[in-house]
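First the structure, which I've put down as structure tokens, then a few questions once you've had a look.
The values are calculated or read from the model by the stated rules, or taken from the named source; none is laboratory data. As the structure is a computational prediction, the values presented were derived from the model and not from experiment. All Cβ positions, glycine included, derive from the backbone under ideal geometry; neighbour counts span all protein chains shown.
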Amino acid sequence: MELSWQTILDLEKKYGDSFFILDSKKFENNYQDFLQEFRSIYPRTNLGYSYKTNYIPKICQIVKFMGGYAEVVSQMEYDLAIAIGVSPSRIIFNGPLKPKEDIERAILAGSIVNLDCLEEVEIVKALAQKLPNQKIAVGLRCNFDVGVGRISRFGFDVEGGAIDHVFKVFRELNNCSVQGLHCHISTSTRSIESYTLRTQKIIEFSDYYFKDKQPKFIDVGGGFFGRMNYALKQQFDCYIPNYREYAEAIAPLMRSRFPDDSGPELIIEPGVAVVADVLKFVSKVVGLKTVGSRQLALVVGSIHNVKPTLTEKKLSLLVYRNEETSESKNLNGPVDIVGYTCMEHDCLYKDYPGNIGIGDYVVFENIGAYTVVFKPPFIRPNPPIISYDSILNEYDLIRRRETSQDVFSTYVI
């Protein structure tokens, strides 16, 4: 999209002085590119988009349109998938907290439910015993060492033998079966080596536990780096793989083990990888201040809009200048761009080196992951989200500006 100060001014008149812009076509391209890299090697690959990374319904609807799974970790996200028309059979229900009624509902609807703990196994066991004529299928989340130097808290310990008990429980139930294995193990470097190792191991475990028949699916989770510009890449102290490199770390192992087209479905669960660079945050400069040696520019936004995880990395930033602003209403860098909250850490960008003034707009890029879903209702309601259509060159509202009534609607007053 081609932004200018005048374009943003026109958008401000319609939507307000801060807002997100979603480039839905870029998301669609990311999704297709990521999937195709895997399918070119192992055709039986499908993606389960991680709703928790960014559950803007417009994005989730694109995933539905392209045939992907909805990968959810809560009943709230499950309900969203159903509300936008996702078939229950295209929902993968993960996560460490799945109440009894949610598990039963999802299983009986035909969703993939990847169990995470023994308490969930007991819930499924009781359901199977209550409905002896009902065929029940589940997946299991595996926990094993991929050399990250810490022990994950999620899933069943494979190498310690915990998962053996689970398979024993289900073998004793005539109407209940394990359909596949799932893993999602976060690493700080998101390296291709870690994905090769986890794929090797989950295939080995699959061969061991599915001796008589192959699993319906093998799910290696997500956690991949997304696309980013050079300046952002330089702030990481590790190599940033691209889509092809991730595919080459995983898919050839599946192809080698299952050389024909009747192998299990390979499920990948990207979030950051496909959504990180599809969202921008636009905010207006409304105040300038100098305190000692520190220069500050106040914007109608906060660190929670662009860096809710409080990362120290500097995001991609563009400043669109109001050329009509007088020199008396400008600061020359370095300038800290700060937010509206009453917290000292609310600095969206430290030491901006250029000129900035009242009426300018700051635009943060590469903020598609976690910003919308992680933003707390702190001090100021959420800004609107607009979607950009690159074909029609049009902007449409996809989330209205939140009001104080929205924030306090669940309280008893």
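I'd like to verify a number: residues in the stretch 147-199 that are closer than 18 Å to N94 by Cβ, assigned to a loop (DSSP other than H, G, I, E, B) and hydrophobic (A, V, I, L, M, F, W, C), how many?
Going through the stretch 147-199 one residue at a time, the tally reaches 4.
Quick one: in the stretch 224-247, which of the residues that are at pLDDT 95 or above and among the small types (G, A, S) is farthest from the chain's Cα centre (by Cα)?
A247
Still on this structure: Looking at (1) assigned to a strand (DSSP E or B); (2) assigned by TED's automatic domain parsing to the domain that holds G357, which is the only condition L310 fails?
(1)
Also: Mind checking which pairs have a first residue in the stretch 269-290 that is free of Cβ contacts under 8 Å to residues at least 24 places away in the same chain and in the same structural domain as N330 (by TED's automatic domain parsing) and a second that is assigned to a strand (DSSP E or B) and of a type outside the set (G, A, S), Cβ under 6 Å, 6 or more apart or different chains?
Once the first residue is free of Cβ contacts under 8 Å to residues at least 24 places away in the same chain and in the same structural domain as N330 (by TED's automatic domain parsing) and sits in the stretch 269-290, its partners that are assigned to a strand (DSSP E or B) and of a type outside the set (G, A, S) give K289/L296.
Moving to a separate point now. Could you tell me which of the residues I267, I240 is closer than 16 Å to E193 by Cα and of a type in the set (A, V, I, L, M)?
After ruling out the rest, the residue left standing is I240.
Could you check the stretch 34-142 for helices (runs of 4 or more DSSP H) lying wholly inside it with 3 or more residues that are in the same structural domain as Y243 (by TED's automatic domain parsing) and more than 15 Å from the chain's Cα centre (by Cα)?
In the stretch 34-142, 75-83, 100-109, 118-130 are the helices (runs of 4 or more DSSP H) which contain 3 or more residues that are in the same structural domain as Y243 (by TED's automatic domain parsing) and more than 15 Å from the chain's Cα centre (by Cα).
For residues that are within 16 Å of R321 (Cα to Cα) and of a type in the set (D, E), scanning just the stretch 1-35, find the one that is modelled with the lowest pLDDT.
For the stretch 1-35, the residue satisfying everything is E2.
Looking at the stretch 383-401, is at least one residue in the same structural domain as D10 (by TED's automatic domain parsing) and more than 26 Å from the chain's Cα centre (by Cα)?
yes
Would you point out which residue out of V124, V86, V72, V63 is buried (at least 21 other Cβ atoms within 10 Å of the Cβ) and in contact with a Lys or Arg (Cβ under 7 Å, 6 or more places away or on another chain)?
Residue meeting the stated conditions: V86.
Among the residues that make up the stretch 164-183, is at least one of them under 19 Å from the mean Cα position of the chain (by Cα), aliphatic (A, V, I, L, M) and modelled with pLDDT under 95?
Scanning the stretch 164-183, I find no residue that is under 19 Å from the mean Cα position of the chain (by Cα), aliphatic (A, V, I, L, M) and modelled with pLDDT under 95, so the answer is no.
Picking from S206, S256, which residue would you name as being polar (S, T, N, Q), farther than 30 Å from I56 by Cα, touching a residue at least 12 places away in the same chain (Cβ under 8 Å) and in a helix (DSSP H, G or I)?
One residue alone meets the criteria, S206.
Assuming L318 fulfils every condition listed in (1) under 26 Å from Y51 (Cα atoms); (2) exposed (fewer than 14 other Cβ atoms within 10 Å of the Cβ); (3) not polar (S, T, N, Q) apart from one, which condition is it?
(1)
Output yes when any residue across the stretch 103-118 is in contact (Cβ under 8 Å) with a residue 60 or more places away in the chain, surrounded by 17 or more Cβ atoms within 10 Å (Cβ to Cβ) and under 14 Å from V178 (Cα atoms), and no when none is.
Yes, the stretch 103-118 has at least one match.
Within the stretch 1-51, take every residue that is in contact with a Gly (Cβ under 7 Å, 6 or more places away or on another chain) and not hydroxyl-bearing (S, T, Y) and give me the one that is farthest from R400 (Cα to Cα).
R44
For the stretch 32-53, name all the residues that are buried (at least 21 other Cβ atoms within 10 Å of the Cβ), over 25 Å from D260 (Cα atoms) and out of contact with any Cys (no Cβ under 9 Å at 6 or more places or on another chain).
Selection gives S50, T53.
Applying the selection to the stretch 259-268, what residues are touching a residue at least 40 places away in the same chain (Cβ under 8 Å) and either over 23 Å from I92 (Cα atoms) or surrounded by 21 or more Cβ atoms within 10 Å (Cβ to Cβ) (or both)?
Across the stretch 259-268, the qualifying residues are P264, L266, I267, I268.
For L22, state whether it is buried (at least 19 other Cβ atoms within 10 Å of the Cβ) and part of a strand (DSSP E or B).
Criteria met by L22.
Going through Y395, Y361 one at a time, which residue ends up being closer than 21 Å to A276 by Cα and in contact (Cβ under 8 Å) with a residue 60 or more places away in the chain?
Of the residues listed, the single one that is closer than 21 Å to A276 by Cα and in contact (Cβ under 8 Å) with a residue 60 or more places away in the chain is Y395.
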